[in-house]
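The values are calculated or read from the model by the stated rules, or taken from the named source; none is laboratory data. Remember, predicted model here, so these are calculated numbers, not experimental data. Please note: Cβ atoms are built from the backbone with ideal geometry, for glycine as well, and neighbour counts cover all protein chains shown. Note: accessible area is taken over every heavy atom of the protein model, side chains too, but ligands, DNA and RNA are not part of it. Shrake-Rupley method; radii C 1.70, N 1.55, O 1.52, S 1.80 Å.
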Amino acid sequence: MTDLDQRISDVLRERAEGETDTHRLLRASRALGRRRQVRRRVTAGTALALVGVVAFAGVNASDVGRLTGRLPWTAATPTAPAPVPPRADGVPGAAADPARVGTDPRVLHFGVDPARARYLGWGVDAGQVESIRFEAAGGRRVLVEVARSETTFRNLGIEAFQEGVPRPAAFDGSIQRVAAGNGNFGFVTWWQPAAGLFARASMLGGDAIALPRYLAALRWDEARRCAAPVRLDALPAGATINSCQVDLSSYPELITAQLSVRGNEEQHMAVWYRYAVQAGTSNKSNRTVGGRPAYVAPNGWTIDLVGIPKVELTATFGWPGQGFTEADAGALLGGARLAEDPTRLQTWP
């Protein structure tokens with residue numbers, strides 16, 4: 001469990017037992033945000049946006065005990081075939097055109113052979129990295145990150161590795177055994193799948209000899225969409241989506257996604273989606289957006305679209321310096337398109 005997991009778990013547990021200490025939460029979250037600034041330089045507002053979501057969950061979420069998510073490293077083994085992101089027709093893979101990697105938050109320029117590995121999640125941080133998590137034969141979980149420059153990885157941490165950023169000696173395919181914190185260890189390798197393309201793969205535990213065999217499931221000659229169970233069509237004027245992250249590590253019981261929206265340098269907003277099979281339906285409302293009931297938290301940082309069975313959809317907008325308004329966030333959620341059945345990828349918008 002990462003420090004991020006632990007903080008979220010602590011807050012949700014406190015909510016189940018009594019009132020949340022929001023001052024302690026904010027102090028801890030600010031400290032966490034400072035430590036993770038180098039992790040997401042391009043999406044600088046995302047770490048701060050997370051604070052609003054955690055605070056919102058601690059104050060307003062219903063049935064929080066069954067909504068708690070787990071990062072792919074620690075999630076239970078999925079019980080159903082996971083979705084495979086659809087192909088991005090007409091888009092070349094990373095091997096054919098490395099310069100495209102990380103340029104479009106809607107597209108992954110590599111994939112995994114579903115006959116050899118199971119998708120656990122995928123993501124794109126515009127201008128930085130594309131990533132895929134997958135489960136290889138025997139249940140071993142692997143994270144692969146791809147960028148156009150080797151310097152991208154110099155300060156890019158690995159979520160489950162708490163001992164710091166492992167530094168590559170060279171992108172030559174060598175494998176390092178790395179301390180991952182709490183007595184755990186993992187393996188990390190760096191290599192170049194093609195000229196102008198740099199990749200890093202990591203896994204907790206396991207056997208270093210097996211890692212190259214797992215990586216043989218990667219496909220560099222295809223492109224796939226960064227599909228998500230939510231689509232944002234009503235973006236604020238001048239704003240764009242600049243990151244897409246989807247987690248299916250506990251599919252079909254739990255599906256989460258995050259889309260980051262960016263306007264100018266001072267405008268950041270994150271939209272968080274969570275579907276939980278055992279969750280109830282929140283109907284607490286104090287706003288209406290796009291004809292839909294919504295709830296703005298007392299802290300004024302978050303707005304939640306309510307009345308959706310088993311689904312939470314939250315936008316964070318009010319942290320000082322994020323720059324977007326409640327009206328922006330309300331319009332964004334009011335115009336959101338949601339999957340009819342999140343467990344069936346063909347219904348994803």
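Here are some notes:
- Considering residues of the stretch 282-294 that are in contact (Cβ under 8 Å) with a residue 40 or more places away in the chain and buried (at least 17 other Cβ atoms within 10 Å of the Cβ) only, the residue farthest from Ala237 (Cα to Cα): Ser282
- For the stretch 295-313, the criterion of being of a type in the set (Lys, Arg), open to solvent by 60 Å² or more (accessible area, probe 1.4 Å), more than 15 Å from Thr256 (Cα to Cα) and part of a loop (DSSP other than H, G, I, E, B) is met by none of the residues.
- Filter result for Asp104 (part of a loop (DSSP other than H, G, I, E, B), in contact with a Cys (Cβ under 9 Å, 6 or more places away or on another chain) and surrounded by fewer than 23 Cβ atoms within 10 Å (Cβ to Cβ)): yes
- Test: Ala237 is closer than 28 Å to Gly323 by Cβ and surrounded by fewer than 15 Cβ atoms within 10 Å (Cβ to Cβ): yes
- If you go through the stretch 159-179 and pick out every residue that is open to solvent by 40 Å² or more (accessible area, probe 1.4 Å) and in contact with a Gly (Cβ under 7 Å, 6 or more places away or on another chain), you end up with 3.
- Members of the stretch 135-157 that are over 20 Å from Ala95 (Cα atoms), out of contact with any Pro (no Cβ under 7 Å at 6 or more places or on another chain) and surrounded by 23 or more Cβ atoms within 10 Å (Cβ to Cβ): Val142
- Arg274 under 30 Å from Ala136 (Cβ atoms), out of contact with any Gly (no Cβ under 6 Å at 6 or more places or on another chain) and of a type in the set (D, E, K, R): yes
- Answer from Gln278, Gln258 - the residue that is under 28 Å from Val101 (Cβ atoms) and either open to solvent by less than 40 Å² (accessible area, probe 1.4 Å) or part of a loop (DSSP other than H, G, I, E, B) (or both): Gln258
- If you go through the stretch 314-332 and keep only what is surrounded by fewer than 21 Cβ atoms within 10 Å (Cβ to Cβ) and of a type in the set (Val, Ile, Thr), you end up with just Thr325.
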